[in-house]
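Let me begin by presenting the structure, written as structure tokens, before commenting on it.
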Amino acid sequence: MSQLRTLARVDADLAAGRIPMARQRLRGLVSSYPCDLTLRRRLAEVYRMYGDAAEAGRWMYLEEDRTVEETTAFEARFKSPGWRMKALAWRGPETLAGTAFAEEQLVAVRTACAERLGRPVDWDDPASYEAAERIEPDTKGWSFVGVIAGGGILVGVVGHVWLWVLGVMSLFD
């Protein structure tokens, strides 16, 4: 299906109140045409209908007229440059961005990711930046919440075993 026909269906979906279908169609278009900033803008508008500032910020990240709130929400959800590269779903060189601002944003994200990893990364090779974003284990030690949760689990297990022992003992009385 052509881009124009799909956009016509998006408009029809929005007019009929089928926002999830319009979102799905736009996500497919952005996936097929990752360098088309107008598709990204339209997808951001749909996420605004949901009130999802982080997703709206994700798809408006390459636009100069983006809002601070949405950009902050996006950056808070995708904290590291590698996660942002993956979330932006860009393919190809930054020069395809169409605007100087978008190109600068893409270069900044890619450069930050490369600096963090200590090696070059490429938009066309997700493996070059995805592996870097493994979740590091928490090595801070004990926390108050962890102690309370562990104590609660211990009490629950001991209580369960005690009831089981009482049940087995009552069979032999």
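Odds and ends about this structure:
- On Cα atoms only, tilt of 37-50 relative to the major axis of the chain in degrees: 40 degrees
- Stokes-Einstein D (µm²/s) once Rh is taken as the Kirkwood radius of region 6-66 over alpha-carbon pairs, at 25 °C in 0.890 mPa s: 215 µm²/s
- Here region 34-91 is described by how far its Cα atoms reach on the three principal axes: 26, 23, 19 Å, from widest to narrowest.
- Each Cα pair under 8 Å and six or more residues apart adds its separation to the average, and for the chain the resulting relative contact order is 14 percent.
- Contact order, relative form, for region 25-124: 24 percent (alpha carbon pairs under 8 Å, 6 or more residues apart, mean separation divided by residue count).
- Cα point-scatterer Debye curve for the chain, base-10 log of I(q)/I(0) at q = 0.10, 0.12 Å⁻¹: -0.55, -0.67
- Gyration tensor analysis over the Cα atoms of region 66-108 returns equivalent ellipsoid semi-axes of 19, 13, 7 Å (largest first, whole Å).
- One quarter of the convex hull surface built on the alpha carbon atoms of region 51-150 amounts to 8.6 nm², the projected area averaged over directions.
A short reminder: the numbers here are calculations on the coordinates, not readings from a lab. On a predicted model such as this, the values are computed, not experimentally measured, just so you know.
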